[in-house]
Amino acid sequence: MRRTAGLAILAEVLRTKAWLPAVVLAVHLLFARVLHAYQAVPALDLAVHGLGGFAIGYVFDGVLQILGRQGDARLSGSGRLVLAFALVCTTTVLWELGEVLSDRILGTGALLSLENSLLDMLVGIVGGVGYVGWRVLAERS
């Protein structure tokens, strides 16, 4: 894939797919930094992690669809969704590892506990399952 093709794909993803994770991140920042809502309603944190997993699936599936249209990643519909889900799982783990590193290096206090981190990963992955389920239902109708 040429560099200009890669930039075109990136531009299309940013133009058409990046809005959902941006909204989820904005909601997270609003809840965490402005409203301090996670302290009042801890379940909101889990809901946002689930939405994050859904949003990540949406973006990766979109990237794979774009690559497929251009002939760079020819996958069946189910193959595309399996790969998108695997990328959701990878992203949730890397995100939580990033929180651990930010705590250790920068002292951010992002990591509440190991149990919380594992639950965040689980709920993010469940959000990815939700995305895959939604796509399967949408493609059948």
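Every number in this text was worked out from the coordinates using simple rules, so none of it is lab data. Here the structure is a predicted model, which means the values were calculated and not measured.
Quick notes on this structure:
- Full extension of the chain segment joining LEU7 with ALA43 gains 9.1 nm, where the gain is 0.36 nm per residue of separation less the Cα-Cα distance.
- 3J(HN,Hα) along region 91-100, derived from phi through the Karplus expression 6.51 cos²θ - 1.76 cosθ + 1.60 where θ = phi - 60°, amounts to 5, 5, 5, 5, 4, 5, 5, x, 5, 4 Hz, with x in place of Gly and Pro.
- Extension gain for the segment ARG33 to THR90, taken as residue separation times 0.36 nm less the Cα-Cα distance, is 17.9 nm to one decimal.
- Translational D in µm²/s for region 30-121 (Stokes-Einstein at 4 °C, 1.567 mPa s, Kirkwood Rh from C-alpha pairs): 87 µm²/s
- Residue-by-residue Karplus 3J(HN,Hα) for region 46-61, coefficients 6.51, -1.76, 1.60, Hz, glycine and proline x: 5, 4, 5, 5, x, 5, x, x, 4, 5, 5, x, 4, 5, 5, 4
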